[in-house]
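Enquirer: Below you will find the structure I want to go over with you.
The values are calculated or read from the model by the stated rules, or taken from the named source; none is laboratory data. Quantities reported herein were computed from a predicted structural model and do not represent experimental measurements. No Cβ is skipped: glycine too gets one built from the backbone with ideal geometry, and neighbour counts run over all protein chains shown.
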Amino acid sequence: MSGFQLVNGLAGLLIVTSLLVITARRPTGSALFYALQSLVMVAIFLTLAGTVGSHELTAWAGTSFVTKVLLVPILMTRLLGRIEDTKLGSGERIPPAVSVLLAAVVVVLCFWVVDGVSLPAAAAIKPALAVSLSHFFLGLAAIVTQRNILKQVFGYCLMENGSHLTLALLAAKAPEVVEIGIATDAVFAVVIMAVLGLQIHRTFGTLDADQLTNLKG
Amino acid sequence: MVPSLLPPLMLAAPLAAAIAIAILPARDGGNRTIEAVHVASGVVVALLALVSVARVIGGADLVAFGGWLYVDPLAAIFVGLVGVVGLLTGLYAISYVRHDVEHGELTPQKHKIFYVFFNLFVFTMMLAVTANNIVMMWVAVEATTLGSAFLVGLYGRRSSLEAAWKYVIICTVGVAFGLYGTVLTFADGAAAFGDPEKAVFWTSLMADAGKLDPMLAKIAFVFVLIGFGTKAGLFPMHAWLPDAHSEAPSPVSALLSGVLLKCALFVVIRYLAVTSRAVGPEFPQMLLMMLGFLSVAVSAFLVYVQHDLKRKLAYHSIEHLGLIALGLGIGGPLGIGAALLHAINHSFCKALLFCSSGNVLMMYGTRDLQQVKGLLRRAPASGILLMAGALALAGFPPFNVFVSEFLIFAAGLAQGWWALMIVTGLLFTITIAALIHIISGSVLGKVPETVPVGDVGWRALAPMWALLAIVLVLGVAVPQPVAHLVREATAVVLGGDRSAAIAAPWQTPAEPVAELAPRAEPRI
């Protein structure tokens with residue numbers, strides 16, 4: 001099996017893990033699955049680095065491991081582990097089965113879009129590229145379909161992972177600083193969203209996005 | 001290109017101030033040292049910004065850190081806005097925040113947090129407009145959201161936390177689209193140039209835009225427009241804007257509306273230039289025109305029905321950003337020049353109005369226009385400032401907004417967009433009515449018996465008079481350096497011709513508007 005095939009296969013695993021992130025009942029569960037997904041991402045980076053001979057990507061795999069597999073999940077679990085909104089339940093607007101079906105539609109659409117890209121760099125890894133694009137939209141869907149504001153944060157994380165994977169696939173030799181910039185920013189974004197989420201929980205006594213409706217018009 | 005220390009210094013000053021303030025202790029009633037550091041930083045940034053602008057006008061494009069930071073005429077416009085509006089709103093903030101501390105709305109700790117994040121916010125905006133590295137540009141725009149989120153939620157009330165949450169979630173998600181667009185552009189460039197180090201710079205992308213894959217360039221522009229358009233408050237991604245603008249402390253609202261929206265727009269303009277070169281101007285201009293017109297159309301009605309002064313002003317921001325997008329969409333030297341001039345004019349005018357809304361809040365304790373009556377009799381200076389700001393925003397001469405609005409309409413008519421410009425003009429009459437309503441209902445009229453007479457202090461009024469002076473000067477005659485800068489910046493966007501003059505027909509150097517753009521057949 002060639003390296004590119006392995007990348008495409010691992011990309012398929014990403015879709016499974018992101019569905020787990022979205023359908024997990026509790027935010028801490030989402031954090032765990034997010035760590036798992038990031039581990040798959042790191043594996044993709046390493047495989048790709050070996051296949052195309054990019055030492056930049058090896059370094060990315062390192063920073064991604066630190067920020068996405070360790071830092072973000074640990075921070076989220078520590079910050080969010082104690083708070084809960086029992087009335088909200090899982091906070092899904094649509095049942096998990098529909099979520100899975102919707103994800104399938106997104107993936108098919110993304111495969112169709114990516115098929116039209118004629119970039120030579122993309123030829124061998126089109127399935128993975130389609131997955132990275134669908135990842136982005138799955139994250140967006142997660143934000144729209146989840147009422148629990150903490151799970152919306154994970155929706156953003158999925159979007160960010162999607163862009164990150166696209167970057168790795170299309171420009172494997174991007175300067176290391178580019179990647180550090182994106183990773184640091186994402187960590188800050190997650191921390192700030194989590195802190196705001198905590199403040200909201202303290203003030204409103206709920207994590208339900210539908211309760212945030214004082215401002216209108 | 002000239003290597004220069006100015007861009008790094010402009011960035012270092014507010015960052016150093018933010019760190020220094022974070023270290024200083026919070027005291028009861030607010031620590032005066034914190035205010036001194038804050039003012040010093042504002043003055044230094046404004047001076048450095050103006051010196052940079054002067055050097056760029058003198059013909060030198062400034063670069064630093066191996067091309068990572070880059071100030072060309074286009075960037076110089078926005079550097080100037082961050083510097084000057086940042087200083088004036090920063091000065092206004094002193095008395096506003098003191099007032100809030102005295103009235104127990106902010107704790108000494110929050111007083112300190114305000115100044116830390118205010119300076120961080122200025123730093124991130126300055127970083128966004130001086131970035132040449134497109135990834136850093138994205139990082140900076142994302143950082144502006146993170147830097148200002150706590151400012152929006154500063155009061156810790158239910159409504160302000162809700163506004164902060166919506167602001168963060170909508171803008172980060174929006175800007176994630178910007179990241180995808182950035183990544184696509186970068187990957188496209190890396191493949192086309194065969195050199196990833198080069199593809200990360202806007203200047204190289206611009207120079208070799210012809211080599212980019214047209215399909216990817218188009219997709220990337222759509223992502224960029226959705227992403228940074230969210231941050232610029234364009235319809236239909238504008239939902240965060242009225243909440244964030246109304247819940248933030250007034251000086252921050254002024255900065256959000258006056259500068260932040262323009263920083264996001266600046267990034268869109270950068271990509272507009274690259275995309276126009278790669279695939280021709282029709283595709284990006286059509287998108288900008290569509291979003292711009294829709295923003296104007298939707299916000300015009302929302303402005304009218306609002307009774308909350310700051311929300312009303314926020315919807316005006318959406319409308320004027322829409323008009324700027326429309327100008328960019330019309331294109332040509334006149335359309336783009338007029339749009340850039342309108343960005344400058346709207347910044348100063350809106351900063352003045354949001355500071356006015358701050359005065360109203362300090363004196364009446366409410367933003368509800370139905371309860372604010374007789375401002376002119378109660379506080380003549382604040383009354384005149386609010387009235388002048390409202391008339392300026394409504395587009396009356398001799399104020400600055402009139403000039404650039406006129407030019408955008410002229411550009412549209414010269415390009416043959418008759419129906420579009422007429423409808424836009426009609427939509428603007430609705431907002432004029434809304435602004436006249438503010439003047440007749442709240443500035444004029446009798447003071448309620450219960451309200452004591454007296455204005456806010458000179459510390460709040462002085463920066464506002466300065467803003468009004470700028471609004472008037474820009475309205476009477478666009479000063480030569482500004483006109484020159486706008487002309488050069490337009491040339492940067494169009495990638496060439498630096499000859500077209502940007503001035504209304506009655507201003508010097510007078511040139512008939514029709515000669516600037518070729519006459520065209522009506523299109524709609």
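Enquirer: Out of the helices (runs of 4 or more DSSP H) lying entirely within the stretch B:94-200, which hold 2 or more residues that are within 7 Å of chain A (Cβ to nearest Cβ) and either of a type in the set (D, E, K, R) or closer than 19 Å to B:Ala18 by Cβ (or both)? Don't jump to the end; show me each part of the working.
Expert: On the way: elements: B:108-130, B:134-152, B:158-193, B:196-199.
The qualifying helices (runs of 4 or more DSSP H) are B:134-152, B:158-193.
Enquirer: Here are some conditions: (1) in a strand (DSSP E or B); (2) farther than 16 Å from B:Leu11 by Cα. B:Tyr70 meets all but one. Which one does it not meet?
Expert: That leaves (2) as the condition not met.
Enquirer: Does the stretch A:117-131 hold any residues that are farther than 18 Å from A:Leu101 by Cα and either part of a helix (DSSP H, G or I) or more than 10 Å from every other protein chain (Cβ to nearest Cβ) (or both), and which are they? Write out each step before concluding.
Expert: Restricting attention to the stretch A:117-131, the residues satisfying the condition of being farther than 18 Å from A:Leu101 by Cα are A:117-129.
Listed by number, the residues that qualify are A:Pro120, A:Ala121, A:Ala122, A:Ala123, A:Ala124, A:Ile125, A:Lys126, A:Pro127, A:Ala128, A:Leu129.
Enquirer: Another question, if that's okay. Filter the stretch B:412-443 for residues that are part of a helix (DSSP H, G or I) and in contact with a Pro (Cβ under 9 Å, 6 or more places away or on another chain); which is surrounded by the most Cβ atoms within 10 Å (Cβ to Cβ)? Spell out how you get there, then give the answer.
Expert: Residues of the stretch B:412-443 that are part of a helix (DSSP H, G or I), as a first pass: B:412-414, B:418-443.
Within this subset, residues satisfying the condition of being in contact with a Pro (Cβ under 9 Å, 6 or more places away or on another chain) are B:414, B:418-419.
Numbers: B:Ala414: 21, B:Trp418: 13, B:Ala419: 11.
Going through the qualifying residues, I end up with B:Ala414.
Enquirer: When the residues of the stretch B:307-338 are narrowed to those that are closer than 27 Å to B:Ala273 by Cα and in contact with a Ser or Thr (Cβ under 6 Å, 6 or more places away or on another chain), which ends up surrounded by the fewest Cβ atoms within 10 Å (Cβ to Cβ)?
Expert: In the first step, residues of the stretch B:307-338 are kept if they are closer than 27 Å to B:Ala273 by Cα; the result is B:316-338.
Imposing the further condition that a residue be in contact with a Ser or Thr (Cβ under 6 Å, 6 or more places away or on another chain) reduces the set to B:317-319, B:322, B:333, B:336-338.
Values: B:Ser317: 29, B:Ile318: 26, B:Glu319: 29, B:Gly322: 28, B:Pro333: 22, B:Ile336: 31, B:Gly337: 29, B:Ala338: 33.
Residue satisfying both the conditions and the ranking: B:Pro333.
Enquirer: Can you pull out every residue in the stretch A:176-197 that is more than 7 Å from chain B (Cβ to nearest Cβ) and within 18 Å of B:Ala191 (Cα to Cα)?
Expert: Of everything in the stretch A:176-197, those that are more than 7 Å from chain B (Cβ to nearest Cβ) and within 18 Å of B:Ala191 (Cα to Cα) turn out to be A:Glu176, A:Glu179.
Enquirer: If I filter the stretch B:201-221 down to residues being assigned to a helix (DSSP H, G or I) and of a type in the set (D, E, K, R), which single residue comes out as surrounded by the most Cβ atoms within 10 Å (Cβ to Cβ)?
Expert: In the first step, residues of the stretch B:201-221 are kept if they are assigned to a helix (DSSP H, G or I); the result is B:202-207, B:209-211, B:214-221.
Applying the additional criterion that residues be of a type in the set (D, E, K, R) yields B:211, B:218.
Numbers: B:Lys211: 14, B:Lys218: 16.
Here the answer is B:Lys218.
Enquirer: Scanning for something closer than 26 Å to B:Phe201 by Cα and not hydroxyl-bearing (Ser, Thr, Tyr), does the stretch A:190-199 turn up at least one residue?
Expert: Initially, the stretch A:190-199 is screened for residues closer than 26 Å to B:Phe201 by Cα, giving none.
Within the stretch A:190-199, not a single residue is closer than 26 Å to B:Phe201 by Cα and not hydroxyl-bearing (Ser, Thr, Tyr).
Enquirer: Here is a further query. Taking the stretch B:449-496 on its own, how many of its residues are among the small types (Gly, Ala, Ser) and either in contact with a Ser or Thr (Cβ under 6 Å, 6 or more places away or on another chain) or under 20 Å from B:Phe406 (Cα atoms) (or both)? Lay out the reasoning, then the answer.
Expert: Filtering the stretch B:449-496 down to residues among the small types (Gly, Ala, Ser) leaves B:454, B:457, B:460, B:462, B:466, B:469, B:475, B:477, B:483, B:489, B:491, B:495-496.
From what is left, the residues that are either in contact with a Ser or Thr (Cβ under 6 Å, 6 or more places away or on another chain) or under 20 Å from B:Phe406 (Cα atoms) (or both) are B:457, B:460, B:475, B:477, B:483, B:489.
Counting residues in the stretch B:449-496 that are among the small types (Gly, Ala, Ser) and either in contact with a Ser or Thr (Cβ under 6 Å, 6 or more places away or on another chain) or under 20 Å from B:Phe406 (Cα atoms) (or both) gives 6.
Enquirer: Somewhere in the stretch A:156-175, is a residue assigned to a helix (DSSP H, G or I), among the hydroxyl-bearing types (Ser, Thr, Tyr), facing chain B (nearest Cβ under 8 Å) and farther than 30 Å from A:Leu101 by Cβ? Please lay out each step first, then the result.
Expert: At the first step, the residues of the stretch A:156-175 found to be assigned to a helix (DSSP H, G or I) are A:156-170.
Of the ones still in play, those that are also among the hydroxyl-bearing types (Ser, Thr, Tyr) are A:156, A:163, A:166.
Still in the list and also facing chain B (nearest Cβ under 8 Å): A:156, A:163, A:166.
With the extra rule that they be farther than 30 Å from A:Leu101 by Cβ, the set shrinks to none.
No, the stretch A:156-175 has no match at all.
Enquirer: Here is a follow-up. What are the residues in the stretch A:199-216 that are closer than 21 Å to B:Tyr155 by Cα, more than 7 Å from chain B (Cβ to nearest Cβ) and surrounded by fewer than 16 Cβ atoms within 10 Å (Cβ to Cβ), if any?
Expert: A:Arg202, A:Gly205, A:Thr213, A:Lys216
Enquirer: Take the stretch B:302-345 and flag every residue that is within 14 Å of chain A (Cβ to nearest Cβ) and of a type in the set (Val, Ile, Thr).
Expert: Hits for the stretch B:302-345 are B:Val303, B:Val305, B:Ile318.
Enquirer: Turning to a different aspect of this structure: For the structure I just gave you, tell me whether B:Val360 is over 15 Å from the mean Cα position of the chain (by Cα), at pLDDT 90 or above and more than 30 Å from B:Leu413 (Cα to Cα).
Expert: On the way: over 15 Å from the mean Cα position of the chain (by Cα): yes; at pLDDT 90 or above: yes; more than 30 Å from B:Leu413 (Cα to Cα): yes.
So B:Val360 passes the test.
Enquirer: So B:Val139 fits all but one of (1) without any contact (Cβ under 8 Å) to a residue 40 or more places away in the chain; (2) within 17 Å of the chain's Cα centre (by Cα); what number is the exception?
Expert: Status for B:Val139: all satisfied but (2).
Enquirer: Restricting the search to the stretch B:280-306, which residues are surrounded by fewer than 19 Cβ atoms within 10 Å (Cβ to Cβ) and within 19 Å of B:Ser257 (Cβ to Cβ)?
Expert: Of everything in the stretch B:280-306, those that are surrounded by fewer than 19 Cβ atoms within 10 Å (Cβ to Cβ) and within 19 Å of B:Ser257 (Cβ to Cβ) turn out to be B:Val298, B:Tyr304.
Enquirer: Just one of (1) assigned to a helix (DSSP H, G or I); (2) surrounded by fewer than 22 Cβ atoms within 10 Å (Cβ to Cβ); (3) in contact with a Phe, Trp or Tyr (Cβ under 9 Å, 6 or more places away or on another chain) trips up B:Arg377, so point out which.
Expert: The number of the failed condition is (3).
Enquirer: Kindly check whether there is at least one residue in the stretch A:120-134 that is exposed (fewer than 13 other Cβ atoms within 10 Å of the Cβ), at pLDDT below 75, at negative phi and touching an Asp or Glu at 6+ places or on another chain (Cβ under 8 Å).
Expert: No, because not a single residue in the stretch A:120-134 is exposed (fewer than 13 other Cβ atoms within 10 Å of the Cβ), at pLDDT below 75, at negative phi and touching an Asp or Glu at 6+ places or on another chain (Cβ under 8 Å).
Enquirer: Right, next: Check whether at least one residue in the stretch A:142-150 is surrounded by fewer than 24 Cβ atoms within 10 Å (Cβ to Cβ), small (Gly, Ala, Ser), more than 7 Å from chain B (Cβ to nearest Cβ) and over 21 Å from B:Ala149 (Cα atoms), and report yes or no.
Expert: Scanning the stretch A:142-150, I find no residue that is surrounded by fewer than 24 Cβ atoms within 10 Å (Cβ to Cβ), small (Gly, Ala, Ser), more than 7 Å from chain B (Cβ to nearest Cβ) and over 21 Å from B:Ala149 (Cα atoms), so the answer is no.
Enquirer: Run A:Val52 past the list (1) in contact with a helix residue (DSSP H, G or I) (Cβ under 7 Å, 6 or more places away or on another chain); (2) modelled with pLDDT under 85 and report the number of the one that doesn't hold.
Expert: Only one criterion in (1) in contact with a helix residue (DSSP H, G or I) (Cβ under 7 Å, 6 or more places away or on another chain); (2) modelled with pLDDT under 85 is unmet by A:Val52, namely (1).
Enquirer: Only one of A:Ile15, A:Ile83, A:Ile22 is of a type outside the set (Asp, Glu), closer than 30 Å to A:Leu198 by Cα and surrounded by fewer than 17 Cβ atoms within 10 Å (Cβ to Cβ). Can you tell me which? Lay out the reasoning, then the answer.
Expert: Details: A:Ile15 fails: surrounded by fewer than 17 Cβ atoms within 10 Å (Cβ to Cβ); A:Ile22 fails: surrounded by fewer than 17 Cβ atoms within 10 Å (Cβ to Cβ).
Criteria check complete, one pass: A:Ile83.
Enquirer: I've got another one for you. Go through B:Gly280, B:Gly292 for me and flag whichever is at positive phi and either over 17 Å from the mean Cα position of the chain (by Cα) or not β-branched (Val, Ile, Thr) (or both). So that I can check it myself, show each step before the final result.
Expert: Working: B:Gly292 fails: at positive phi.
Testing whether each residue is at positive phi and either over 17 Å from the mean Cα position of the chain (by Cα) or not β-branched (Val, Ile, Thr) (or both) leaves just B:Gly280.
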